[in-house]
Amino acid sequence: MRVTKAQAERNRAHIVATAARLFRERGYDGVGVAELMAAAGFTHGGFYKHFRSKADLMTEASATGLSQTAARTEGLNPAEFVKNYVSREHRDRRDDGCTIAALSGDAARQPANLRTEFAAGIENLLTALQSQSATPGDADQRAARTTVIDMLAHSIGAIVLSRACPDGSPLADEILDVCRKEILAPLAHGNSDQPEARGPGA
């Protein structure tokens, strides 16, 4: 039965979404094409109707995951972001969490085109966060960007370190608790009425 162009596009999008989830959960080398296609509900042979190589899919899936992270951040101020991000729920849901925290270590060893996607995704996330904290004026915007970069790097590091510990480890929870408190402290500016976290990994 002939597949329509619209159906082919939906199939491709489904493969990309499945790959984004599996790559976050297992890393780029932790899942092969055959297993990935089976998880998406397709045969191994169908892969090459959509992609030239696994590397191409890795790049596209990463771009999708990074876009999802930025979209989840829209409307959150930095303190809200930290409460969502530096959380046990985010830590425990690699497959549905932040692509940057899940795959930055892997991405550093990949070709330049994939790292370019990561750089763009990180920049988009910084922009989304800065838009909620910056005030008019070049100096204020530079200061806000510095704060946001520092906050994001510490938040990602907290998740990475916590995930490196055994499941249920007291240290894993301690890392999150300490880092969340320390990251939030300079963001508070005397405001103790920030809302609670609303969901998993920003």
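Miscellaneous remarks
- Against the chain, whose longest principal axis comes from its Cα atoms, helix 170-188 is set at around 60 degrees.
- Helix axis angle, 112-130 relative to the chain longest principal axis, alpha carbon, degrees: 40 degrees
- Label point distance in nm, Ala188-Ser104, each placed 7 Å from Cα along Cα→Cβ: 2.5 nm
- Alpha carbon centroid spacing (whole Å) that separates the range 83-152 from the range 52-81: 10 Å
- In the range 1-78, the trypsin sites (Lys or Arg not before Pro) that fall in loop regions by DSSP, at most 16 other Cβ within 10 Å: Arg2, Arg52
- Dipole of the chain computed with +1 at Lys/Arg Cβ and -1 at Asp/Glu Cβ about the Cα centre; of Leu184, Pro78, His50, farthest Cα towards the positive end is His50.
- With Cα atoms, 0 to 90° folded angle of helix 138-164 axis to the chain main axis: 60 degrees
- FRET efficiency for Glu89 and Ala153, using Cβ-Cβ distance with R0 set to 22 Å, rounded to 0.05: 0.60
- Of Ala158, Ala107, Ala143, the residue with the greatest mean-square motion in the GNM of the chain, using alpha carbon springs below 10 Å, is Ala143.
- Coarse-grained scattering of the range 1-73 at q = 0.13, 0.17, 0.23 Å⁻¹, given as base-10 log I(q)/I(0) from a Debye sum over alpha-carbon atoms: -0.36, -0.61, -1.04
- Among Gly65, Gly168, Gly121, the residue with the largest mean-square fluctuation in a Gaussian network model of the chain, with springs joining Cα atoms closer than 10 Å, is Gly168.
- Electrostatic dipole magnitude of the chain [Cβ: Lys, Arg +1; Asp, Glu -1; Cα centre; debye, to 20]: 860 debye
- For the range 71-160, the pair-distance distribution built from all alpha carbon pairs, in bins 5 Å wide starting at 0, is 2, 14, 23, 24, 19, 11, 5, 1 percent.
- By the compact-protein rule of thumb, 2.2 N^0.38 Å, the alpha-carbon radius of gyration of the chain corresponds to a ratio of 1.12.
- The range 75-172, accessible area per residue, ligands and nucleic acids excluded (1.4 Å, Å²): 49 Å²
- FRET efficiency, 1/(1 + (r/R0)^6) with R0 45 Å, evaluated for Thr4 and Asp140 via beta carbons: 0.30
- The apolar share of the surface of the chain, taken as the fraction of accessible area on carbon and sulfur atoms (1.4 Å probe, ligands and nucleic acids excluded), comes to 53 percent.
- Look at the dipole of the range 143-190 built from charges on Cβ: of Val148, Ala158, Gly168, the Cα furthest out on the positive end belongs to Val148.
The values are calculated or read from the model by the stated rules, or taken from the named source; none is laboratory data. Keep in mind it's a predicted model, so treat the numbers as computed, not measured. Cβ sites come from the backbone with ideal geometry, for glycine too, and all protein chains shown count toward neighbours. Side chains included, ligands, DNA and RNA excluded: accessible areas come from the protein's heavy atoms. Shrake-Rupley method; radii C 1.70, N 1.55, O 1.52, S 1.80 Å.
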